[in-house]
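Here is the structure we will look at, set down as C-alpha cells.
The values are calculated or read from the model by the stated rules, or taken from the named source; none is laboratory data. Being a predicted model, the structure only gives us computed values, none of them experimental. Don't worry about glycine lacking a Cβ; one is built from the backbone with ideal geometry, like all the others, and counts go over all protein chains shown.
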Amino acid sequence: MLQRGGGHKELYVASAAERIYLAPRATITLLGLSASSHYVKPLLDRVGVEVEPFARKEFKTAAERVTRDSMSEPQREQLQAVVDGYTENVLAALAERTGTTPEQARKLFETGVFRGEDAIAARLVDKLAYEDELEELLGCDKQHPLMEANRYFAFKERRLFRPLRRPPYIAVVAIKGAISESGAPTGRRASIVGALRRARRDRRALGVLLWVDSPGGSAEASDLIHREVVRVKEKKPVVAYFGEVAASGGYYVATHVDSIVAQPLSITGSIGVVSARLLARELLDKVGIRTEVLRTGPHADLFSPHRALTDDERALLNRELDAFYDSFVGLVAEGRGRSIEEIEPLARGRVWLAAEAHRLGLVDELGGMDSALDLLKARIDVAPRLRERLEPMVIANYRLDPPPPAAQAWIDESVLGTLKDLGLLLSEGSGVLYHVLFLPRIR
C-alpha cells in the first residue's frame, strides 16, 4: 500500500509484492537516480585555509571535497559505477513489474510523474484505494483481521512460558556509523570491543553475527576491533553481514570472519587509507593571530596548522600511509585466502557495489540478514533441532536502531556534513580508514 505515493525506493520495495495499491491522490515519481558532490575548496581558499591530502590509492577520494574544486576522474568512475548499478536494479524491478524490458522501463523516467489512473495505465500499481478500504479488498474478516506488521511480529514472538535458563543464542554485534574512539556510541570502539568480548566469553553465545553498517573511521580503532573479531573466531564461528555501507574501516573489521554476506546494493571495499593536514597560516594572519612554537624535535609541531610541511615531513607521512595500506591489503589477502598480487588491483581505495564485490571475491554471498544467520547456523556444531531454535540477540552497550534508508543520504551531502568529515580526517592524524561516497538519491 503506497498511501503517500513514493519514488524509486518505495516502488522498488513494493515491486516484490503480488499487488500494489496506491492512494487516489498520491503520486509516484520516477525521475531517474542522481548523485552529487559538494566541493568546498573555493570556500576554504576564500577564508585562507588549505588542506593537504595524503591518500592510498587513487580511488581513496574521501578528502577531495576539501582539496579540489571539481570531481576527479577516479571518483567519477567509481561513483558512476554505483549509480549505474543502482539504476540497473531499479530498472530490472520496474521491467518485471510492468512486463517490459529494462530498456522500455527506462522510458518511464521521461514521463517522470504518475498520478492515479496514469500509474495504473503504466502498470506501476494495480488499483487505487485508501487505507480504510484494504480490509474489504483483501477479503479480511473477524477470523482473519488486518493487522499491522509490528503487532503481528510481536504476537508471533510472544511466549507464554519463559525458560528457567536462557537458551543458547547467536550474538549480534552491530558496528554502525563512523568508527572512532569517542563520539556516537554505535561507532565507539570501546563499546564494540566490549560487546565482542562479552560474546566471546559467553558459552551460550554459539556464534557471532557482525552487523556492519559503517563507512569506516579511525584506523587504529578499526584495527583494535579487527583484533577482537579474530579472537572471537578462535572460539566460535563469525559471519559478517553488510548493511547499506561497509567500506574502508567497515570492511577492515570483517576481513577475517568466516564468511561475508551483503545485500547486492551494499557499498563495500574502499581498501585504502587517507589522511589530511590543515594549513591555516593565511587565516591566522588575517585575524591577527601570531604563533610562537618551542620544539624538542624538528617535527614536534607536525600537525600544527600554522606552517607548511617540509619535504622530509611529507615523506614521513607517506611512509606511514604506505605501511598501513600494505598492511590493509595483506589482511584482506590473508582473510580471503588470496595473494597480495590478486587483491592489490581490487584495492587502491576503490568502492564496489556488493554484487560486483561478490564476483571479485571480496564478498562470499549475496543476501539479507536471514541468509547471514542461516550461513552462521550451518557453521555451528550442534544437533539440528537445537540449531533451528537458535535466535539472534543483540549484544551491545547501546540501543540498536535500524540502518538509515538510502533516501536520507542527502544529509551527508550538505556543506556542514563535508566539514564534519574534514574534522574526522584532521582529528585522527596520520591515517584514517574512511570512505565518504555520496549515494544516489533514491526517491
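Looking only at the stretch 32-91, which residues are assigned to a strand (DSSP E or B) and under 30 Å from GLN104 (Cα atoms)? The answer is SER34, and nothing else.
Would a scan of the stretch 212-219 turn up a residue that is surrounded by fewer than 22 Cβ atoms within 10 Å (Cβ to Cβ), under 28 Å from GLU50 (Cβ atoms) and out of contact with any Leu (no Cβ under 7 Å at 6 or more places or on another chain)? No, that holds for no residue.
Among the residues in the stretch 177-187, are any modelled with pLDDT of 90 or more, surrounded by fewer than 23 Cβ atoms within 10 Å (Cβ to Cβ) and of a type in the set (Asp, Glu)? For the stretch 177-187, residues modelled with pLDDT of 90 or more, surrounded by fewer than 23 Cβ atoms within 10 Å (Cβ to Cβ) and of a type in the set (Asp, Glu): absent. For ARG76, the conditions (1) within 20 Å of SER248 (Cα to Cα); (2) basic (Lys, Arg); (3) in contact (Cβ under 8 Å) with a residue 12 or more places away in the chain all hold with the exception of (3).
For first residues located in the stretch 145-157 and under 20 Å from ARG389 (Cα atoms), partners that are modelled with pLDDT under 65 and lie 6+ apart or on another chain with Cβ distances below 8 Å do not occur. Restricting attention to the stretch 304-343, the residues that are in contact (Cβ under 8 Å) with a residue 24 or more places away in the chain and in contact with a His (Cβ under 8 Å, 6 or more places away or on another chain) total 3. If you check VAL208, VAL261, VAL239, VAL193 for being part of a strand (DSSP E or B) and within 12 Å of ILE395 (Cα to Cα), only one passes: VAL208. Is it true that some residue in the stretch 340-348 is closer than 18 Å to GLU58 by Cβ and either basic (Lys, Arg) or assigned by TED's automatic domain parsing to the domain that holds VAL13 (or both)? Yes, the stretch 340-348 contains a residue that is closer than 18 Å to GLU58 by Cβ and either basic (Lys, Arg) or assigned by TED's automatic domain parsing to the domain that holds VAL13 (or both). Filtered by the rule that a residue be part of a loop (DSSP other than H, G, I, E, B) and touching a Phe, Trp or Tyr at 6+ places or on another chain (Cβ under 7 Å), the stretch 92-125 gives ALA122, LEU124, VAL125. Condition test on PRO167, is it surrounded by 10 or more Cβ atoms within 10 Å (Cβ to Cβ), in contact with a helix residue (DSSP H, G or I) (Cβ under 6 Å, 6 or more places away or on another chain), modelled with pLDDT of 85 or more and not aliphatic (A, V, I, L, M)? Considered against the rule, which asks whether it is surrounded by 10 or more Cβ atoms within 10 Å (Cβ to Cβ), in contact with a helix residue (DSSP H, G or I) (Cβ under 6 Å, 6 or more places away or on another chain), modelled with pLDDT of 85 or more and not aliphatic (A, V, I, L, M), PRO167 comes out as no. Here GLU344 qualifies as at pLDDT 95 or above and either among the basic types (Lys, Arg) or outside any strand (DSSP E or B) (or both).
A quick yes/no check of all residues on (1) closer than 16 Å to VAL193 by Cα; (2) in a strand (DSSP E or B); (3) under 22 Å from the mean Cα position of the chain (by Cα); (4) of a type in the set (Gly, Ala, Ser):
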residue: SER222; (1), (2), (3), (4): yes, no, yes, yes
residue: VAL229; (1), (2), (3), (4): yes, no, yes, no
residue: GLU244; (1), (2), (3), (4): no, yes, yes, no
residue: HIS256; (1), (2), (3), (4): yes, no, yes, no
residue: ILE271; (1), (2), (3), (4): no, no, yes, no
residue: LEU283; (1), (2), (3), (4): no, no, no, no
residue: ARG290; (1), (2), (3), (4): no, no, no, no
residue: ASP301; (1), (2), (3), (4): no, no, no, no
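The set of residues from the stretch 126-156 being assigned to a strand (DSSP E or B) and either at pLDDT below 90 or not hydrophobic (A, V, I, L, M, F, W, C) (or both) comprises just one member, LYS127. Considering the stretch 10-53, the residues that are surrounded by fewer than 17 Cβ atoms within 10 Å (Cβ to Cβ) and charged (D, E, K, R) include one that is nearest to GLN78 (Cα to Cα), namely GLU52. Looking at the structure I just gave you, is SER304 at negative phi and not assigned by TED's automatic domain parsing to the domain that holds TYR251? It is true that SER304 is at negative phi and not assigned by TED's automatic domain parsing to the domain that holds TYR251.
For the stretch 226-245, the set of residues classified as at pLDDT 95 or above and of a type in the set (A, V, I, L, M, F, W, C) consists of VAL229, VAL230, VAL232, VAL238, VAL239, ALA240, PHE242, listed by residue number. Whether a residue is touching a residue at least 12 places away in the same chain (Cβ under 8 Å) and either surrounded by 24 or more Cβ atoms within 10 Å (Cβ to Cβ) or not basic (Lys, Arg) (or both) was assessed, and ALA246 passes this test. Yes or no: GLU52 among the acidic types (Asp, Glu) and without any contact (Cβ under 8 Å) to a residue 12 or more places away in the chain? When the stated conditions are applied, GLU52 does not pass them.
Quick check, is LEU416 assigned to a helix (DSSP H, G or I), modelled with pLDDT under 90 and at negative phi? In short, yes. From the residues in the stretch 313-328 that are among the hydrophobic types (A, V, I, L, M, F, W, C) and closer than 21 Å to ILE343 by Cβ, which one is surrounded by the most Cβ atoms within 10 Å (Cβ to Cβ)? Among those that are among the hydrophobic types (A, V, I, L, M, F, W, C) and closer than 21 Å to ILE343 by Cβ, it is PHE328.
In the stretch 303-351, which residue that is of a type in the set (Ser, Thr, Tyr) and closer than 29 Å to VAL49 by Cα is farthest from the chain's Cα centre (by Cα)? Going through the qualifying residues, I end up with THR310. With respect to the conditions (1) in contact with a His (Cβ under 8 Å, 6 or more places away or on another chain); (2) under 21 Å from ARG350 (Cβ atoms), ALA35 lacks only one, and its number is (1).
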